[in-house]
Amino acid sequence: MAINPPIDATSTPAWAALQKHYDELQAEGIDLKKWFADDPDRVKKLSFEAGDLHFDLSKNLITDETLRLLVNLAKEVKLDERIKQQYTGVHINNTEDRAVLHTALRRPVEDEGKYIVDGQDVVKDVRDTLKKIYAFAEDVRSGKWTGITGRKIDTVVNIGIGGSDLGPVMAYEALKPYADAGISARYISNIDPNDLAEKTKGLDPETTLFIIVSKTFTTLETLTNAREARTWLLEELTASGAISDGDEAQKAEAIKKHFVAVSTNLEKVEEFGIDPENAFGFWNWVGGRYSVDSAVGTSLAVVYGPAQFEEFLHGFHEIDEYFANTPFEKNVVALMGLVNVWYRNFFKAASHAVLPYDQYLHRFPAYLQQLTMESNGKSVRWDGTPVTTDTGEIFWGEPGTNGQHAFYQLIHQGTQLIPADFIAFANTPNPVKDGDQDVHELFLGNYLAQTKALAFGKTADEVRAEGTPEEIVPARVFKGNRPTTSILGVALTPFSLGELIALYEHITLVEGTVWGVDSYDQWGVELGKQLAKQITPAISKDDDALAAQDASTQALIKFYREHREF
Ligand code: F6P
């Protein structure tokens, strides 16, 4: 089915109405304190439940009218149609002519036979692959799968980059309390040799299993690191006498026992020397940054086990169903995406902070950066025409309370508006007391205090009342009206982590639909890759290649040549 050209959001009646509404709010003055005082139902009206997550949107710069107009905008750009097309496998990634079916990765077994896309029963294929991954994971966890010397694996090393790294490492860090098989994981991504050098330090090659994860199995960083890891393994095993130098059959066996792969390109996997039996596939309709719940998450299935991986998938599916089946007026996932558009396009907010108050989520902002920015950092729409308004905001963040002591100053008192999502959980796996003080409550006190300070600020009179000398009163005033969304979960579990990821995947889709961009391609990463291939020979010896470079690149290479010590 061909997709329609994007609807220009800026020429819709809803957009014009939103602009008028924005101008009126600015003229009246946005005043969250007043809005809270005038409307005792504000919190109730702007609180939502999705899955087991609770959302409070009341501290956003929105009124009933704002939401009504944003929902009109969603309808006028036909968001419902785009969601339906995505969920049913229409090739909405039209620049790559692909379906976008990450929602099929988490459909239950009962959905087998219901989604035939391009002649493929996608749910059946997903469940068959999961069975294979789970059997492998159980073997590694139980010790049935051993290294070349018969010892149980205690470390899996995931080698991948971008979507083949950020999702798995983020989820691995997030779920650490669930590790129950005496297996830990490490993640190597950067082609900088320092990454591999540090991550292989202290590893016992006999008990280490490498998982090479690459959708294409052609990515320079991943293939280079995979070859380096293979060399490391064989050298270490030879040095310890576990295998004999020159015994090619033993080497091949060692690779078989210590390397598995995740890829859509099984031919390349075999070329590398990995037994295709030990390769887990996925499909072109899974984008790299949408793939943590596919075979790309194999390291998670090994460390946390199939049952927890299933819980992870259930969490995604819960939000997928909620998003697809809840009217936009009550659909917090859609509303969060629309409110982001409100800030990006009307308030001209250039960035959006995501601030998890949970140390285990410390890689969540980095993960979201690829998800959101590789998806919506676009200047042309899906029909090739220029975008008609600003797109992709910069997503960033650090866990609370560390961020409080670093960059919150700018969010509180800087000159730019930075909408922020604050994420926390009612329970912690590490309940401790400092004297009588529950430390988790101390932590949550900070979570709550920050959004309160950002919303309601502190007036000059309040500052004066504290006896502050007049000359420093202005420096101590907080203007307030800095927007935040609070997300509060019961606990950080595989289920709630799946929910959170799906939430941001769909927020990305909502924003991309309003802007009319193909959120599922990533052509912007290609030019640098091509140029790196051309420039690399110029660095050490190829003077013709050097001469072909621009003056700045030549000067930088000359400095390098003068200073590199071998
Ligand atoms: O360079 C961008 C990118 O294509 C990402 O979209 C992707 O997640 C990453 O590279 C890794 O690709 P692969 O899984 O094919 O190695």
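Here are some notes:
- Rg ratio (alpha-carbon, reference 2.2 N^0.38 Å) - the range 102-307: 1.00
- Surface accessible to a 1.4 Å probe, per residue, for the residues of the range 102-307, Å²: 38 Å²
- P(r), alpha carbons of the range 1-146 - 5 Å bins starting at zero, rounded %: 2, 8, 11, 11, 11, 12, 12, 10, 9, 6, 5, 3, 1, 0
- Amide H within-cut-off set for residue 155, under 5 Å, with H built and near neighbours excluded: 184, 209
- Cross-linked pairs 348/458; 132/251; 268/378; 330/479: Cα-Cα separations exceed 28 Å for 268/378; 330/479.
- With Rh defined as the Kirkwood radius, the inverse of the mean 1/r over Cα pairs, the Rg/Rh of the range 430-546 is 1.23.
- The apolar share of the surface of the chain, taken as the fraction of accessible area on carbon and sulfur atoms (1.4 Å probe, ligands and nucleic acids excluded), comes to 53 percent.
- When all alpha carbon pairs of the chain are counted in 10 Å bins from zero, the resulting P(r) reads 3, 16, 24, 24, 18, 10, 3, 1, 0 %.
- Under the combined filter of DSSP loop state and at most 15 neighbouring Cβ atoms within 10 Å, the range 117-161 retains these trypsin sites (Lys or Arg not before Pro): 144, 151.
- Cα-based Rg and Dmax for the range 258-339, where Dmax is the largest Cα-Cα distance (Å): 16.9, 53
- Accessible area per residue for the range 418-464, computed on protein heavy atoms with a 1.4 Å probe, is 52 Å².
- Distant-in-sequence amide H partners of residue 117 (H built 1.01 Å from N, under 5 Å): 122
- Table column - 3J(HN,Hα) (Hz), the range 469-482, Karplus curve with 6.51, -1.76, 1.60, x for Gly and Pro: x, 3, 5, 9, 4, x, 5, 9, 7, 10, 5, x, 6, 9
The values are calculated or read from the model by the stated rules, or taken from the named source; none is laboratory data. What you are looking at is a predicted structure, and each value in this text was computed from that prediction instead of being measured. Because the Cβ atoms are built from the backbone with ideal geometry, glycine has one as well, and the counts that use them run over all protein chains shown. For the accessible areas, the whole protein counts, side chains as well, though only heavy atoms, and no ligand, DNA or RNA atoms are used. Shrake-Rupley method; radii C 1.70, N 1.55, O 1.52, S 1.80 Å.
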